[in-house]
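The values are calculated or read from the model by the stated rules, or taken from the named source; none is laboratory data. The shown structure was predicted, so the numbers you read here are calculated from the model rather than taken from an experiment. Quick reminder, even Gly has a Cβ in these numbers, built from the backbone with ideal geometry, and neighbours come from all protein chains shown. All accessible areas refer to the heavy atoms of the entire protein, side chains included, with ligands and DNA or RNA removed. Shrake-Rupley method; radii C 1.70, N 1.55, O 1.52, S 1.80 Å.
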Amino acid sequence: MKSLTKNFLFFFSVLLILFLGFFLGTQFSIDKNGNGVIAFDFSKSNKVNRILNLIRKNYVDSVNIDSMENLAIHEILKNLDPHSLYLPPVQAKAQTENLEGNFEGIGIEYYLLSDTLFVTQIRPQGPAEKAGLQKGDKIIAVNGEYVTGKGLLAENVISKLRGKKGSRVKVTVIRNGKGNIQELEIVRDRIIVSSIDVAYLMNKQTGFIKISKFGANTDEDFIAELEKLTKKGMKNLILDLRGNGGGYLTSATALADQFLPDGKLIVYTKGLHEPRTDYLATTDGLFEKGQLVVLIDEGTASASEVVAGAIQDLDRGYIIGRRSFGKGLVQEQFSFEDGSAMNLTVARYFTPSGRSIQKSYDKGVADYKEELKKRFERGEYVSIDSALKDSAFVKSNKPYKTEKGRLVYGGGGIMPDYFVPLDTSYYNDFYKQVSEASILQEFVYRNLIYQDILPYKNAFEFTQNYKLSDNHIKSLIKFIKNRNIKAKQEDIVKAMPKFKKDIKAILARYYFQEEGFYQVVNNQEPYVNKALELLNK
């Protein structure tokens, strides 16, 4: 065993050194889009190629050189920082499509209902709608090949439905939950996906816009939605960046520019090999005067923290929620000829006051002190001012001043101006089991959408008036028990209010798209309630 371990470590060390030589021996070039591309030159007769060939031809056992190279790459990058990483070709393509906001396919959203692909949304004027596919259809075959069964995986179905623009795909569907089987031929097209999750008026003067990522077109999408809401009379805005993990820095600065006057510093970046670069607001801002509230939480990271930091440092609006993730590093993507890529940290970014919000890499350093975190979760602090009285917090974080002289702190995320504690009133093991098994979605799609003929004209009417009947609740409890999930009566009682709201939100999304979903979710939601309270003042 010791000999085997020793041989493996020696072999891995050789490969690690091999990769370093391989990496340092690459050629760097600029592609047609101005992006940095690392091209490996296999034509040179060097030690790297010789060692690879010797291993392939002479090593005692069969070795997957590619997988060992990937392992070596991961080992190198993980010793730099938490955000430099290597992306295999499939992941690199998926990340690019996600941030670029487009892909080639048929334009549907779906849910894997046990062993069947259930269509939940059809993109208006998209390929699927033009071919006659309807919401509620169950896709059972693609190009004559059945895609049902317990082993059904989303990735397999996506690969079958996606394809080049102009190519054709045949889908076999069951309509209206009955035995009505139809075959449709769909011509694939390029699908453009907005990075704005939802934009709507909460009342006559207050708009709500949620952004889940900063993609290539986020600023353009935002401006389009902002203009629509402004025409409807919006004067105040709630910008929801909860769960926004970031994206392109330039998209974030372009968004922040919409709120800030000309010449204001939004953020600056610098690194060992990157000179300081200032990102300044321009005269193009469309919402420089209206009242603004930004919602953040522990999932708000990177580019979204740039926006929140600028708004806070320049005293442009309120920041509400929980401390953000704390990612103050900038990555540049280097592409490889095989389709893989490397996201390498090249700079740090700093908010207008000069603070870095990057949290410590050291896992032994508690974020903002564990005791302070516990006090926040118990709701003992209601604002940043009361939080800053904690001496441990003050001593562990350097203070900075906003434009109006308020104290803010760096070194681990954006601390909100008003804290909203995590709601755990409904949470228990029973709720966790039901949620993780996606039982509520299955219950809705199996039992509610075909039964209920909604008398509601729009999402607002639905949100205000729809209620689950007692029979629905009884059916839900029975449905859960049939999935072998057991719970005490008090656990059911505790979780039921959240179940009702979750089910209502799922139904609202099905009938009224994202606006319906968020109107239900935001109704009497603590974050939104606090935002509305501040705006009303």
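Restricting attention to the range 255-290, and to residues there that are of a type in the set (A, V, I, L, M) and open to solvent by less than 50 Å² (accessible area, probe 1.4 Å), which single residue is nearest to I223 (Cα to Cα)?
We begin by selecting, within the range 255-290, every residue of a type in the set (A, V, I, L, M); these are 255-256, 260, 265-267, 272, 280-281, 286.
Then keep just the ones that are open to solvent by less than 50 Å² (accessible area, probe 1.4 Å); that gives 255-256, 260, 265-267, 281.
Values: L255: 8, A256: 11, L260: 14, L265: 20, I266: 18, V267: 21, A281: 15 Å.
Result: L255.
What do you reckon, is Q524 outside any helix (DSSP H, G or I), of a type in the set (S, T, N, Q) and under 29 Å from I209 (Cα atoms)? Spell out the reasoning first.
Numbers: outside any helix (DSSP H, G or I): yes; of a type in the set (S, T, N, Q): yes; under 29 Å from I209 (Cα atoms): yes.
The answer is yes for Q524.
Any residue in the range 291-305 that is touching a helix residue (DSSP H, G or I) at 6+ places or on another chain (Cβ under 7 Å), open to solvent by 10 Å² or more (accessible area, probe 1.4 Å) and modelled with pLDDT of 95 or more?
For the range 291-305, residues touching a helix residue (DSSP H, G or I) at 6+ places or on another chain (Cβ under 7 Å), open to solvent by 10 Å² or more (accessible area, probe 1.4 Å) and modelled with pLDDT of 95 or more: present.
Quick check: is even one residue across the range 474-481 outside any helix (DSSP H, G or I), open to solvent by less than 50 Å² (accessible area, probe 1.4 Å), modelled with pLDDT of 90 or more and on the phi < 0 side of the Ramachandran plot? Steps first, answer last, please.
Quick first cut of the range 474-481, residues outside any helix (DSSP H, G or I) only: none.
No, because not a single residue in the range 474-481 is outside any helix (DSSP H, G or I), open to solvent by less than 50 Å² (accessible area, probe 1.4 Å), modelled with pLDDT of 90 or more and on the phi < 0 side of the Ramachandran plot.
With the requirement that a residue be open to solvent by 40 Å² or more (accessible area, probe 1.4 Å), free of Cβ contacts under 8 Å to residues at least 60 places away in the same chain, hydrophobic (A, V, I, L, M, F, W, C) and closer than 25 Å to Y510 by Cβ, what does the range 91-124 give you?
L112
Looking for something under 28 Å from D423 (Cβ atoms) and open to solvent by less than 10 Å² (accessible area, probe 1.4 Å) - is there at least one such residue anywhere in the range 326-348? Spell out how you get there, then give the answer.
Applying the first criterion (under 28 Å from D423 (Cβ atoms)) to the range 326-348 yields 326-327.
Subset that is open to solvent by less than 10 Å² (accessible area, probe 1.4 Å): 326.
Yes, the conditions are met somewhere in the range 326-348.
So I485 ticks every box in (1) open to solvent by less than 40 Å² (accessible area, probe 1.4 Å); (2) in a helix (DSSP H, G or I); (3) in contact with a helix residue (DSSP H, G or I) (Cβ under 7 Å, 6 or more places away or on another chain) but one. Which box is left unticked?
(2)
I'd like to check something: does the range 50-73 contain any residue that is part of a loop (DSSP other than H, G, I, E, B), under 30 Å from K359 (Cα atoms), modelled with pLDDT of 80 or more and open to solvent by 60 Å² or more (accessible area, probe 1.4 Å)? It would help to see each step written out before you state the result.
Within the range 50-73, the first condition is being part of a loop (DSSP other than H, G, I, E, B), and the residues that meet it are 59-64.
From the residues that got through so far, the ones that are under 30 Å from K359 (Cα atoms) too are none.
Within the range 50-73, not a single residue is part of a loop (DSSP other than H, G, I, E, B), under 30 Å from K359 (Cα atoms), modelled with pLDDT of 80 or more and open to solvent by 60 Å² or more (accessible area, probe 1.4 Å).
Table: residues versus (1) under 24 Å from R316 (Cα atoms); (2) modelled with pLDDT under 50; (3) crowded, with 16+ Cβ neighbours inside 10 Å.
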| site | (1), (2), (3) |
| --- | --- |
| S391 | no, yes, no |
| T402 | yes, no, yes |
| G405 | yes, no, no |
| Y409 | yes, no, yes |
| V420 | yes, no, yes |
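Looking only at the range 181-223, how many residues end up being open to solvent by less than 50 Å² (accessible area, probe 1.4 Å), within 29 Å of Q134 (Cα to Cα) and acidic (D, E)?
The total comes to 2.
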